[in-house]
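Only one structure is covered here, and it is reproduced in the block below.
The values are calculated or read from the model by the stated rules, or taken from the named source; none is laboratory data. It should be emphasised that the depicted structure is a prediction, and the values quoted were computed from it without experimental measurement. Because the Cβ atoms are built from the backbone with ideal geometry, glycine has one as well, and the counts that use them run over all protein chains shown. Side chains are part of the model used for accessible areas, which takes the heavy atoms of the whole protein and leaves out ligands, DNA and RNA. Shrake-Rupley method; radii C 1.70, N 1.55, O 1.52, S 1.80 Å.
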Amino acid sequence: EDYDLGFDFLFKISVIGDAGVGKSNLISRFVSDTFSLDTKSTIGFDICNKIYDLDGFRINLQILDTAGQERFRSTSDFLFRFCAGIILVFDITSKTSFQGLDFWIEEIYKSAPDSAIIFLVSNKHDLANDQGTFVITDEEITHFQEKHPKILKIFKASAKENMGIKETFHELASTILQKE
Ligand code: GDP
């Protein structure tokens, strides 16, 4: 078979947020449609590429996952360097992960290019359907976005049920492409 690995654009996308919010699973859903119950224990970055057809262009989405190094300041430079898009993830059932967004936003302001497109994703919405489960409210999320206008869009997702993920990456890639 003839593998054509050529592409028209390379967009680096950094997926960030506290440990356990589901970053790896969101990425593996998008890249290979898989989901895992295990939490990874890798130290370092995971980088994967997905060639993606969009508006007649072949886009190479280079997706960075912060494996096991959450909240390590020293990694930010590499994580954000030349990145075109940032997906900031929290767990809709975890107040800690929502509060953790403040840290990540600071990192973005400090190290990410001004031109980077930033989306916010609340993950694990499958859990939010259970009666009585604690969830971060829409009001809290909207309030957070108002404080940080650099966040362009907000998406609801579940890596477990494969919800909202294609939409997030597609919209991000489209938004970046429109600026090119
Ligand atoms: P990361 O540390 O942010 O990369 O998080 P992982 O992708 O390793 O996921 C952490 C844990 O949350 C694992 O046990 C996953 O199976 C679980 N998880 C991830 N996404 C979801 C989701 O959408 N729904 C549910 N119920 N669990 C999830």
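Things worth noting here:
- Region 143-152, subset open to solvent by 70 Å² or more (accessible area, probe 1.4 Å) and within 19 Å of the chain's Cα centre (by Cα), residue farthest from the ligand (Cβ to nearest atom): Pro149
- Of all residues in region 132-156, those satisfying the criterion of being more than 13 Å from Thr93 (Cβ to Cβ) and in a loop (DSSP other than H, G, I, E, B) are His148, Pro149, Lys150.
- Total residues in region 26-46, condition open to solvent by less than 20 Å² (accessible area, probe 1.4 Å) and modelled with pLDDT of 90 or more: 3
- Applying the criterion of being open to solvent by 60 Å² or more (accessible area, probe 1.4 Å) and within 16 Å of the ligand (Cβ to nearest atom) to the residues of region 118-142, the residue that is modelled with the highest pLDDT is Leu127.
- Residues that are in a helix (DSSP H, G or I) and either acidic (Asp, Glu) or modelled with pLDDT under 95 (or both), drawn from region 157-169: Glu167
- Flag for Ser158 being open to solvent by less than 60 Å² (accessible area, probe 1.4 Å) and away from the ligand (no atom under 16 Å from the Cβ): no
- Single residue of Phe155, Phe119 found to be in contact with a Leu (Cβ under 7 Å, 6 or more places away or on another chain) and within 19 Å of Ile13 (Cβ to Cβ): Phe119
- If the condition is being surrounded by fewer than 16 Cβ atoms within 10 Å (Cβ to Cβ) and in contact with a Ser or Thr (Cβ under 8 Å, 6 or more places away or on another chain), then region 161-180 contributes only Lys179.
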